[in-house]
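Note sheet for the following structure.
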Amino acid sequence: MAPESPTVLITVTLPPRATIEDAQRRLGLADDEVDTAYGLVPVDPAHGTYALLVTEAAGARLQGAPEARGSYQGPFANPKIEPFGPVRSKDEEAEDGDG
């Protein structure tokens, strides 16, 4: 996946000890549609629920594929997380009593 590709989160239901490759096979996702660095994140392993980060295009395609609907939920937004306001040094935080 290209580093700057817009992404969405999906959850997928898989058997215990599933791998990212299992998720890709279940959902028909190519290597370039999945953020392998993010990986397959266990959300509720007891129920087989895992999170996966995919391209927006892959999320839209899955949403329109009724055969995949029982296997996953989403897509869910994946907003970029950034600092609010200017970044402050440790010295500035200590001066304000925040550190």
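The values are calculated or read from the model by the stated rules, or taken from the named source; none is laboratory data. In this text the structure is predicted, and so the values were computed from the model without any measurement. We place every Cβ from the backbone using ideal geometry, glycine too, and count neighbours over all the protein chains shown. Only protein heavy atoms, including side chains, enter the accessible area calculation; ligands, DNA and RNA are left aside. Shrake-Rupley method; radii C 1.70, N 1.55, O 1.52, S 1.80 Å.
Annotations
- Inter-residue pairs, beta-carbon under 8 Å, first on the phi > 0 side of the Ramachandran plot and in region 27-44, second in a helix (DSSP H, G or I) and surrounded by 13 or more Cβ atoms within 10 Å (Cβ to Cβ), 6+ apart: GLY28/ALA68; GLY39/ILE20
- Close Cβ contacts (under 8 Å, 6 or more residues apart or on different chains) running from residues in region 45-57 that are of a type in the set (Asp, Glu) to residues that are assigned to a strand (DSSP E or B) comprise GLU56/THR7; GLU56/VAL8; GLU56/PRO75.
- Criterion: at pLDDT 90 or above, among the aliphatic types (A, V, I, L, M) and open to solvent by 90 Å² or more (accessible area, probe 1.4 Å) - qualifying residue of ALA30, ALA46, ALA37: ALA37
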